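First the structure, in the form of structure tokens, and then the observations on it.
The values are calculated or read from the model by the stated rules, or taken from the named source; none is laboratory data. Quick caveat, the model's predicted, so the values are computed rather than measured. In this analysis, Cβ positions are derived from the backbone assuming ideal geometry, glycine residues included, and neighbour counts consider all displayed protein chains. Calculation scope for accessible area: heavy atoms of the full protein, side chains included, ligands and nucleic acids excluded. Shrake-Rupley method; radii C 1.70, N 1.55, O 1.52, S 1.80 Å.
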Amino acid sequence: MDYSELVSALKENNTQKTNKLVKAIRSRLVAFLRIHMNASQSDAEDMAQEALLISIESIRNNKIKNPDQVVKYMISVSRNAYLKEQQNRKQVSFEKISDLYQHKPGQLQSLLDKEQKNLLQWCLDQLKDEYQKYMQFWFDNPDMHTQKVADHFDISLSNAWTRKHRLIKKLSECYQKKSKL
């Protein structure tokens, strides 16, 4: 399959062709991450999705100089995203270990938890109703398989992944911005 056609399909707004190519490329990226990077299935799916989002944005912004190399670019982006995620996990695990040896007052922690929930709720309330319902569904069903979520909202699997990641990013940015005020 000629994946360079993805560039022209995106530029021509050919949704059907784009979806077909994205589906094929996504499975290739997942396989690459699983085989070469030893990623878990869920990590591979997340990083492949992240790579697709970054790559599609790059294509739309005319940052891809050689369309014939689009798959190599996506593989590179997915590998880098996976390695960055692994590095972040190592840092978080070290922080968790140090947190185990620190004792925080219960009342203060309770107030902080409540404040964090309030900030997240405020950010959630800023979304359109449709997106609020979508994210609330994910919060209520965090372990649900994405295909079931897509079926529940009558959207494609690709759309479900994209919507979830974009909304999480939007909520995260809002939360960070509000928590620094």
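Results, tabulated for the structure shown:
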quantity	calculated
Selection within region 105-117 - of a type in the set (D, E, K, R), at pLDDT below 80 and exposed (fewer than 11 other Cβ atoms within 10 Å of the Cβ)	113, 114
From 167, 157, 120, 127, residue being surrounded by 11 or more Cβ atoms within 10 Å (Cβ to Cβ) and over 25 Å from residue 52 (Cβ atoms)	120
Residue count, region 80-89 (criterion: open to solvent by 80 Å² or more (accessible area, probe 1.4 Å) and under 15 Å from residue 42 (Cα atoms))	2
Complete set of residues in region 37-66 that are open to solvent by 30 Å² or more (accessible area, probe 1.4 Å) and closer than 18 Å to residue 88 by Cα	37, 38, 40, 42, 45, 46, 50
Per-region count, region 18-35, residues of a type outside the set (Gly, Ala, Ser) and either free of Cβ contacts under 8 Å to residues at least 40 places away in the same chain or in contact with a strand residue (DSSP E or B) (Cβ under 8 Å, 6 or more places away or on another chain) (or both)	6
